[in-house]
Each structure stands twice: as structure tokens, then as C-alpha cells.
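Engineer: This is the structure, below, for whatever I ask next.
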Amino acid sequence: MPGLLVSTAQQIAYKIQNNRERYGFSYVTVLEHSLDAMVTIIKLLRCPTDTEAINRQPHPSSDPGEGGYTFSYTLNAQMSLRKITSVKRSAEKLLLVEEHNANDGRWAPGTPATGPSADPLSIRHGSAALPSGYNPNSGMVNGRIGVNVPAAFCDGHGELIDQILANDDRRYAWDK
């Protein structure tokens with residue numbers, strides 16, 4: 001069973017990926033004195049197609065001096081400050097998604113999305129034209145929606161999803 005991650009940044013990134021594939025581990029615990037070293041490893045684990053990540057500007061509500069959000073994946077805002085045991089049907093609930101333009105670490109889903117605050121999913125891995133009847137406020141990029149978007153669910157598994165699935169409140173609301 002894996003324990004400590006001690007090695008070069010590249011080797012640790014490989015171990016994290018291998019542990020996820022081999023044992024299903026979807027997270028690691030990092031002690032406070034090691035957080036700076038973990039930044040290098042996180043950069044190695046960022047989606048390689050997310051080329052704009054390092055150039056993102058801080059979100060308007062960010063603290064002064066805080067940089068832009070440089071990760072590819074964001075937390076479902078509806079899961080913030082929730083105990084995982086309080087989530088109903090955790091195998092169906094989205095925890096992390098790849099946003100098109102991850103700006104603050106919180107994904108703001110909405111069904112029906114009533115305004116531009118709904119964050120669209122990434123179209124980096126595939127996209128589709130809007131289906132007829134699709135609410136244009138439900139998150140789209142240049143008239144397209146994300147398909148084959150990587151996502152992690154509350155029970156720890158991951159799969160590729162599309163924007164239409166993500167906009168179903170049974171997939172993002174913790175209490176439904």
C-alpha cells in the first residue's frame with residue numbers, strides 16, 4: 001500500500017498518477033511544510049491542453065495580491081463545506097469538473113441557468129453544436145457545449161461527461 005511520496009517532482013507526479021490508476025486514490029494529503037514543493041508537482045498534473053492556465057487573471061473577488069487560478073479543474077460550488085456523507089447518491093454527483101475558463105476554483109452550475117454566472121465546461125477535449133431547445137444560458141462557448149469533459153464524482157470515480165449532463169441538478173445539487 002502506498003504511503004509517503006518522496007522523490008523528484010516528476011517521479012512523485014508519476015506515483016500520484018499510478019496510485020490513482022492502480023488503487024483508485026483520487027487525492028493526497030500534503031503537510032503544510034510541504035505545500036510549496038507540491039506546487040511544482042501540481043503543474044505537472046495540470047491538463048496539458050489547458051494552455052491558458054498560467055496566464056489567467058485573478059477573479060474579481062480574489063484577495064489583493066492573489067494570483068489567477070492556475071488549475072484545470074474546479075470544485076462544484078454546491079459541494080463546498082459539505083461532509084461527503086451528507087451527499088445523496090454520491091456516485092451520481094459531480095465534485096470536480098474541467099471548466100472552459102477556470103477562474104476561481106468554484107464551478108457554478110445551474111439548471112436552468114438564469115444568467116451568465118453559469119460556468120461552461122471545457123471544449124478542449126470535444127464539443128458539439130447546441131441541440132434544439134438547449135437553454136443558451138446553461139453554459140456554452142462560442143455556440144458550442146463541452147462533451148468528453150473529465151469529471152470526478154463524490155464517490156471517487158471519474159468519467160467523461162457532457163454539458164447537458166452537468167446541467168441536470170440531480171448531478172450537481174448535494175441534496176437531490
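Any read-out appearing in this document is the output of simple, stated calculations on the displayed coordinates, not a laboratory observation. Here the structure is a predicted model, which is why all the values come from computation and not from measurement. Here Cβ is always computed from backbone atoms with ideal geometry, including for glycine, and neighbour counts include all displayed protein chains.
Engineer: When Ala128 is evaluated against the numbered criteria (1) outside any loop (DSSP other than H, G, I, E, B); (2) more than 17 Å from the chain's Cα centre (by Cα); (3) crowded, with 20+ Cβ neighbours inside 10 Å, which criterion, by number, is the only one it fails?
Structural biologist: That leaves (3) as the condition not met.
Engineer: For the stretch 101-120, indicate whether the set of residues that are crowded, with 16+ Cβ neighbours inside 10 Å, free of Cβ contacts under 8 Å to residues at least 40 places away in the same chain and more than 26 Å from Ile54 (Cα to Cα) is non-empty.
Structural biologist: no
Engineer: Identify all residues within the stretch 131-150 that are surrounded by 15 or more Cβ atoms within 10 Å (Cβ to Cβ), in contact with a helix residue (DSSP H, G or I) (Cβ under 9 Å, 6 or more places away or on another chain) and not in a strand (DSSP E or B); write none if there are none.
Structural biologist: Once the filter is applied, which keeps residues that are surrounded by 15 or more Cβ atoms within 10 Å (Cβ to Cβ), in contact with a helix residue (DSSP H, G or I) (Cβ under 9 Å, 6 or more places away or on another chain) and not in a strand (DSSP E or B), the stretch 131-150 yields Tyr134, Ser138, Gly139, Met140, Val147.
Engineer: Just one of (1) within 18 Å of the chain's Cα centre (by Cα); (2) at positive phi trips up Val28, so point out which.
Structural biologist: Evaluating Val28 over (1) within 18 Å of the chain's Cα centre (by Cα); (2) at positive phi leaves (2) as the failure.
Engineer: Among the residues that make up the stretch 74-83, is at least one of them in a helix (DSSP H, G or I), in contact (Cβ under 8 Å) with a residue 60 or more places away in the chain and not hydroxyl-bearing (Ser, Thr, Tyr)? Please lay out each step first, then the result.
Structural biologist: To start, the set of residues in the stretch 74-83 that are in a helix (DSSP H, G or I) comprises 77-79.
Filter once more, keeping what is in contact (Cβ under 8 Å) with a residue 60 or more places away in the chain: 78-79.
So of that shortlist, the ones also not hydroxyl-bearing (Ser, Thr, Tyr) come out as 78-79.
Yes, the stretch 74-83 contains at least one residue that is in a helix (DSSP H, G or I), in contact (Cβ under 8 Å) with a residue 60 or more places away in the chain and not hydroxyl-bearing (Ser, Thr, Tyr).
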